[in-house]
1. Within the set of pairs 6+ apart or on separate chains, which have a first residue in segment 170-183 that is free of Cβ contacts under 8 Å to residues at least 40 places away in the same chain, a second that is surrounded by fewer than 23 Cβ atoms within 10 Å (Cβ to Cβ), and C-beta atoms under 6 Å apart?
2. Do we have residue 166 as at pLDDT below 95, under 10 Å from the mean Cα position of the chain (by Cα) and on the phi < 0 side of the Ramachandran plot here?
3. Inspect all residues belonging to segment 423-430 and state whether any of them is closer than 27 Å to residue 275 by Cα and either over 22 Å from the mean Cα position of the chain (by Cα) or surrounded by fewer than 17 Cβ atoms within 10 Å (Cβ to Cβ) (or both).
4. Checking the structure you have, find out if any residue of segment 440-447 is part of a loop (DSSP other than H, G, I, E, B), in contact with a strand residue (DSSP E or B) (Cβ under 6 Å, 6 or more places away or on another chain) and modelled with pLDDT of 95 or more.
5. Given the criteria within 23 Å of residue 110 (Cβ to Cβ) and either surrounded by 11 or more Cβ atoms within 10 Å (Cβ to Cβ) or modelled with pLDDT under 90 (or both), does residue 76 qualify?
6. Please specify each residue of segment 459-513 satisfying the condition of being at pLDDT 75 or above, under 30 Å from residue 386 (Cβ atoms) and outside any helix (DSSP H, G or I).
7. Taking the stated definitions as given, is residue 316 closer than 20 Å to residue 373 by Cβ and either buried (at least 16 other Cβ atoms within 10 Å of the Cβ) or more than 19 Å from the chain's Cα centre (by Cα) (or both)?
8. Which strands (runs of 3 or more DSSP E) sit wholly inside segment 169-284 and have at least 2 residues that are farther than 24 Å from residue 146 by Cβ and at pLDDT below 95?
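The values are calculated or read from the model by the stated rules, or taken from the named source; none is laboratory data. Just so it is clear, the structure is predicted and the values come from calculations on it, not from any experiment. Here the Cβ is made from the backbone with ideal geometry for all residues, glycine too, and neighbour counts use every protein chain on show.
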């Protein structure tokens, strides 16, 4: 959690970009990503130099070569620690003409993550702006993983608050809820086929660090965590760079973040590969058959991207693999043949575990569409028994376009420091979702369908062949008991009323007469 001083420093950097003529928040984020990458390269070389001094051995991994580049500039001048002290115009010349070409031509060839930098373009317009940003960014403390990760997350949050490209960001507390529900394991291989800024992969990594510290005491587990555990796909080069940097700054050195259009490409090599999928894919509407991967067409005949992504998840998961994914409500009750068939497949051929209805304002101001979290397990042989439903009413934030916190910071999220009061629960359902989920095979089965959560037998879901998964299909409302008079009492009341009217009319006639 960032302290106010660091937030103010980052706010100042963003304000400098805006006043310096860079107004697109995604462009700001991309330029900051490049600068952080450059700073990290220098830090890595410094670590190697200190290690060599301590062991009195040659440097084993030299990022900045000795000597000069093709234009005669000493490679040493390309390091952050060197050019940050230069005069503004000289710094601008070094970064523009030497540092960025060095990243594109040499560094990008080193690793899967670095290769996303091969299209890096320097877009800071003036020496004065570059000098300001480098100076302020250099003062932001990035000494440990927690601070680095929090700084980058705060920067990403500013994309959303600027009201542009926020669709790339699922709210952090919703990510943390989904990760906590799925409880990733140290040896699992985790995938987000629509990774964006890699928020789900970061969330899974942070959960593993907090709950499985043995990862960093075991060489094999540590190597798995750093190089094999996290896989993300995206076809947007900017997102690939931002997502990769997000993982790096959260302490995952070599995540597998690949340029791939998961719906359009053949995924045969990825089939049956992943233990856990966490995702909130962008549901664009329709995709031409010609653009759709043949593998997915075999699962379900449709052009609907929301259904194609579900088909993709089923193909990517290993048998026994689990998924927690966000879907628009139309997936739950759509009446087309493809909608019904995909729901039937998940319920009958695999194991549907839960449907968690999200408040309709969760993704405001970018989208007001109602959504739900689907949790299922790939089995290939069925296994659905009872499906757990939860009707989430509040996530701790206002459900209007402003999305302001409704509680103090320590009362928000999945794990507040102390249990919430009933009034606080009405503003933040997340801890309750997690608590009730853990009881889904026990006490939750006894709940009435009038409760906020309950279970439904598979037979009831399959009864009419539509496999409707909308919570309102099964939720029952509480009706207040109303006492009614007996027929005899009603008749007696009518007779009394009739007599009173007759008496009144008689008095009226006397007065008139």
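1. Pairs that qualify, where the first residue is free of Cβ contacts under 8 Å to residues at least 40 places away in the same chain and the partner is surrounded by fewer than 23 Cβ atoms within 10 Å (Cβ to Cβ): there are none.
2. Working: at pLDDT below 95: yes; under 10 Å from the mean Cα position of the chain (by Cα): no; on the phi < 0 side of the Ramachandran plot: yes.
Here the answer is no, as residue 166 does not meet what is asked.
3. As a first pass, look at segment 423-430 and keep what is closer than 27 Å to residue 275 by Cα: 430.
Still in the running and either over 22 Å from the mean Cα position of the chain (by Cα) or surrounded by fewer than 17 Cβ atoms within 10 Å (Cβ to Cβ) (or both): none.
Checked segment 423-430: no residue is closer than 27 Å to residue 275 by Cα and either over 22 Å from the mean Cα position of the chain (by Cα) or surrounded by fewer than 17 Cβ atoms within 10 Å (Cβ to Cβ) (or both).
4. Residues of segment 440-447 part of a loop (DSSP other than H, G, I, E, B): 440-442, 447.
Narrowing the set further to residues that are in contact with a strand residue (DSSP E or B) (Cβ under 6 Å, 6 or more places away or on another chain) leaves 440, 447.
With modelled with pLDDT of 95 or more added as a condition, the list becomes 440, 447.
Checking segment 440-447: at least one residue is part of a loop (DSSP other than H, G, I, E, B), in contact with a strand residue (DSSP E or B) (Cβ under 6 Å, 6 or more places away or on another chain) and modelled with pLDDT of 95 or more.
5. Values: within 23 Å of residue 110 (Cβ to Cβ): yes; either surrounded by 11 or more Cβ atoms within 10 Å (Cβ to Cβ) or modelled with pLDDT under 90 (or both): yes.
For residue 76, the condition - within 23 Å of residue 110 (Cβ to Cβ) and either surrounded by 11 or more Cβ atoms within 10 Å (Cβ to Cβ) or modelled with pLDDT under 90 (or both) - is met.
6. Hits for segment 459-513 are 463, 464, 465, 466, 467, 468, 469, 470, 474, 475, 476, 477.
7. Values: closer than 20 Å to residue 373 by Cβ: yes; either buried (at least 16 other Cβ atoms within 10 Å of the Cβ) or more than 19 Å from the chain's Cα centre (by Cα) (or both): yes.
Judged against the criteria, residue 316 is a match.
8. Values: elements: 190-192, 230-234, 256-259, 274-279.
In segment 169-284, 230-234, 256-259 are the strands (runs of 3 or more DSSP E) which contain 2 or more residues that are farther than 24 Å from residue 146 by Cβ and at pLDDT below 95.
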